[in-house]
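Participant: The structure is given below, and queries will be raised subsequently.
The values are calculated or read from the model by the stated rules, or taken from the named source; none is laboratory data. All figures in this text were calculated on a predicted structure; none of them were measured in a lab. Here the Cβ is made from the backbone with ideal geometry for all residues, glycine too, and neighbour counts use every protein chain on show. Only protein heavy atoms, including side chains, enter the accessible area calculation; ligands, DNA and RNA are left aside. Shrake-Rupley method; radii C 1.70, N 1.55, O 1.52, S 1.80 Å.
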Amino acid sequence: INLAEDAEAQAGLLVKQAVIHEEHLADLQSAVECYVRLTELQGDEPDTLMALRRLYEALEQFDALREILEKQLAHCQSNQDGKEEISVLLALAHVLLDQLADADSALTQVEVILEVQPDHNDARRVLESLIGDDALSVRVALLLEPIYEANEEWHAVINTLSVRLEAAEDTDTRCTLL
């Protein structure tokens, strides 16, 4: 690869080498190393980031996967691709929540999704999974309440109000909620 005449030729050889490692030798870690070298050569190209995302997920290297998803997110934001951005945000939220046990950061990603698309069903499901987290329950209830109101799910609205009421520390707040 180092003998290639220019950066473009080196990049092409790295991609071929990564494909051989991944598809023919089932050596995913070596494929990752090739793609990492490719990012050092070309920067964060979307196809390279997608390959690294796939490989890190298969290798269950979730910290590295988080970093790649954050890079993909930055790329989506610079290209103003809202649909892809939501997909990456949701994937990042799931990695943070399910693999890295960072519910607070996962919730932050879901909040961004809801700013773009308030009726996003997968984001709603993530919120509903977090309502029992004592540290996040009020924040989650505040996010779920308008969703439930928009869908006229009054029992669910009452549940969010109950969560907020239980966490309220002063009488004025309690009276307002009642």
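Participant: Given the residues Leu41, Leu55, which is the only one that is of a type in the set (A, V, I, L, M, F, W, C) and at pLDDT below 95?
Facilitator: Leu41
Participant: Could I ask something else about it? Could you pull out the residue among Ala150, Ala167 that is out of contact with any Pro (no Cβ under 9 Å at 6 or more places or on another chain) and either exposed (fewer than 14 other Cβ atoms within 10 Å of the Cβ) or not aromatic (Phe, Trp, Tyr) (or both)?
Facilitator: Result of the check over Ala150, Ala167: Ala167.
Participant: Let me ask another. Considering segment 130-178 alone, what residues qualify as being within 27 Å of Ser87 (Cα to Cα), of a type outside the set (Asp, Glu) and part of a loop (DSSP other than H, G, I, E, B)?
Facilitator: Ile131, Gly132, Ala135, Leu136, Asn151
Participant: Applying the selection to segment 153-164, what residues are closer than 16 Å to Arg124 by Cβ and open to solvent by 30 Å² or more (accessible area, probe 1.4 Å)?
Facilitator: Hits for segment 153-164 are Glu153, His155, Asn159, Val163.
Participant: OK, next. Within the group Ala11, Ala18, Ala7, which residue is in contact with a helix residue (DSSP H, G or I) (Cβ under 9 Å, 6 or more places away or on another chain), surrounded by fewer than 12 Cβ atoms within 10 Å (Cβ to Cβ) and either touching a residue at least 12 places away in the same chain (Cβ under 8 Å) or among the aromatic types (Phe, Trp, Tyr) (or both)?
Facilitator: On inspection, the qualifying residue turns out to be Ala7.
Participant: Same structure, new question: Give me the helices (runs of 4 or more DSSP H) completely within segment 26-129, filtered to those with at least 1 residues that are among the acidic types (Asp, Glu) and buried (at least 18 other Cβ atoms within 10 Å of the Cβ), ordered by residue number.
Facilitator: In segment 26-129, 82-94 are the helices (runs of 4 or more DSSP H) which contain 1 or more residues that are among the acidic types (Asp, Glu) and buried (at least 18 other Cβ atoms within 10 Å of the Cβ).
Participant: Okay, moving on. State yes or no: is Arg139 basic (Lys, Arg), open to solvent by 20 Å² or more (accessible area, probe 1.4 Å) and under 27 Å from Glu57 (Cα atoms)?
Facilitator: In short, no.
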